[in-house]
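First the structure, then my questions, so here it is.
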Amino acid sequence: MQNFYLPEKAKVIKIETLSPDVKLFRLQKAKSKFIKNRDGLVFNPGQFVLAGVWGYGEAPFGPASSPENASYIEIIVRKTGGNVTNALHNLGKKAEITLRGPYGNGFPLEFFEKKDLVLVTGGCGIPPIASLIEYIIKRRKNFGRVYLIYGAKTPQDLLLKERIKAWEKQIKVLLTIDKPASDWTGRVGFVSEFVKDIEIDANNACAAMCGPGPMMNALEKILRPLGISDRRIFANTERKMQCGIGKCQHCTTGEKYTCTDGPVFYFDEIDRNWD
């Protein structure tokens, strides 16, 4: 019987620099393809994997690739100064790492069908939302109006720019940066200023979000004014995790464990317990 918690070997087959301190890693299993679940997905958008480097430890990452691709998964890593992220950023193509998962609970995909969706993220919080968008676009007719609201400090901190150009053909994308910049002609300001640009049926709409705690808290200024109820707002809080199996106490949010009870929660389950 396969041990679900035993790390497997994975090979880095692509490295892409997304910003000065963020890289994308495309990972392929050393001996086999990724196994699909009963829904035909390698992972549910919103779930996480644990990627590690021998001798440095491991850390949780939400895959950013399509959940239907069994050939590889992609993770996005910000260099934060910790042992694991530093070690990953020092890797070259064809390097070998450890990988286990997916773990946790993802977004409620079936519940999202036939509904308008507002997807909100900031900075390096985009991977779970990116995989959700890939899922939605593959089944675009199954969903109503879809908005992506994505904010970052600077234009350089907006990740996956080429993918975003492709997404804009299928969904409405609203990008913003915190302060004016000489190389930016788009929106400037906080994501909470976008309410006027969103047209949804509040009685048949849901929201999914992932991003820094302060931004998540500020979303009350978007989602509640739009009329989306707390039980239709789903928040991914993966960045709080460490061990991934509910033992280290690092990821507790109120009475919940992010890794085992989440990382996707109803908004009202974790409201004001971001950090």
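Quick check: residue separation of Cys248 and Asp197 times 0.36 nm, minus the Cα distance between them. What number comes out in nm? Can you show the working numbers first?
Numbers: separation 51, 0.36 × 51 = 18.36 nm, distance 4.22 nm.
Gain on extension, Cys248 to Asp197, equals 14.1 nm.
Here is a follow-up. Give me the lysines in straight-line cross-link reach of Lys36: C-alpha distance below 21 Å, same-chain residues under 8 apart excluded.
Reachable lysines: Lys9, Lys11, Lys138.
Something else now. Largest first, please: the extent of the C-alpha atoms of segment 96-166 along each principal axis, to the nearest Å.
So the extents along the principal axes, rounded to whole Å, are 38, 33, 18.
Of the DSSP beta bridges with both residues in the chain, give the percent that are antiparallel, rounding to the nearest 5.
Values: 32 of 57 bridges.
Of the beta bridges lying entirely in the chain, close to 55 percent run antiparallel.
Next question, about the same structure. Would you calculate the volume per residue, in Å³, of the smallest convex hull containing every Cα atom of the chain?
130
Related question: Show which lysines lie in cross-link reach of Lys247 when reach means a straight Cα distance below 21 angstrom and same-chain residues fewer than eight apart are skipped.
Filter leaves Lys256.
A further question on this structure: Starting from the eigenvalues of the Cα gyration tensor, five times each then square-rooted, give me the equivalent ellipsoid semi-axes of segment 46-154, largest first, whole Å. Write out the running numbers ahead of the final one.
Numbers: eigenvalues 167, 51, 25 Å².
Working through the eigenvalues yields semi-axes of 29, 16, 11 Å.
What does the extension gain come out to for Lys138 and Thr154, with contour length at 0.36 nm per residue minus their alpha carbon separation? Spell out each step's value before the answer.
Details: separation 16, 0.36 × 16 = 5.76 nm, distance 3.01 nm.
Taking 0.36 nm per residue and subtracting the Cα distance, the gain is 2.8 nm.
Further question: Taking the Cα atoms of segment 28-78, report the difference between the largest and smallest coordinate on each principal axis, in whole Å and largest first.
Sorted from largest, the Cα extents of segment 28-78 read 34, 25, 14 Å.
For segment 1-85, how big is the tail of P(r) above 14 Å, as a whole percent of Cα pairs?
Values: 2390 of 3570 pairs.
In whole percent, the long-distance tail amounts to 67.
On a 0 to 90 degree scale, rounded to 10, what angle separates helix 126-138 from the longest Cα axis of the chain?
Orientation of helix 126-138: about 80 degrees from the principal axis.
For segment 53-104, list log₁₀ I(q)/I(0) at each q in 0.18, 0.20, 0.26 Å⁻¹, using the Debye formula over Cα point scatterers of equal strength and ignoring solvent, two decimals each.
Results for segment 53-104 at q = 0.18, 0.20, 0.26 Å⁻¹ read -0.65, -0.79, -1.24.
Right, another one. Determine the gain in length on full extension of the stretch Glu68-Lys14; use 0.36 nm per residue of separation and subtract their C-alpha separation, reporting nm with one decimal.
Values: separation 54, 0.36 × 54 = 19.44 nm, distance 1.86 nm.
Fully extending the segment from Glu68 to Lys14 adds 17.6 nm.
Also, I was wondering about something else. Working from the pairwise distances between different alpha carbons, so that the mean of 1/r is found and then inverted, what is segment 121-275's Kirkwood radius in Å? All intermediate terms of the calculation are to be shown ahead of the outcome.
On the way: mean 1/r = 0.0611 Å⁻¹.
The answer is 16.4 Å.
Next question. Evaluate the charge dipole of the chain about its Cα centre and quote only its size in Debye, nearest 20, assuming +1 on the Cβ of each Lys and Arg and -1 on the Cβ of each Asp and Glu.
On the way: 40 positive and 30 negative charges, 194 e Å.
That gives the chain a dipole magnitude of about 940 debye.
Could you give the distance between the Cα centres of segment 126-201 and segment 90-120, to the whole Å?
18
Right, another one. Rg and Dmax of segment 141-199, Cα atoms, in Å?
My reading of the Cα-based Rg and Dmax gives 12.1, 40 Å.
Among Phe43, Cys210, Val12, flag the residue with its Cα farthest along the positive direction of the charge dipole of the chain, charges on Cβ as +1 for Lys/Arg and -1 for Asp/Glu.
Going by the Cα projections, it comes out as Val12.
Read-outs: derived from the displayed coordinates by stated rules, not from any lab. From a predicted model like this one, the values you see are computed outputs, not experimental measurements. Note: ideal-geometry Cβ built from the backbone for every residue, glycine included; neighbour counts use all protein chains shown.
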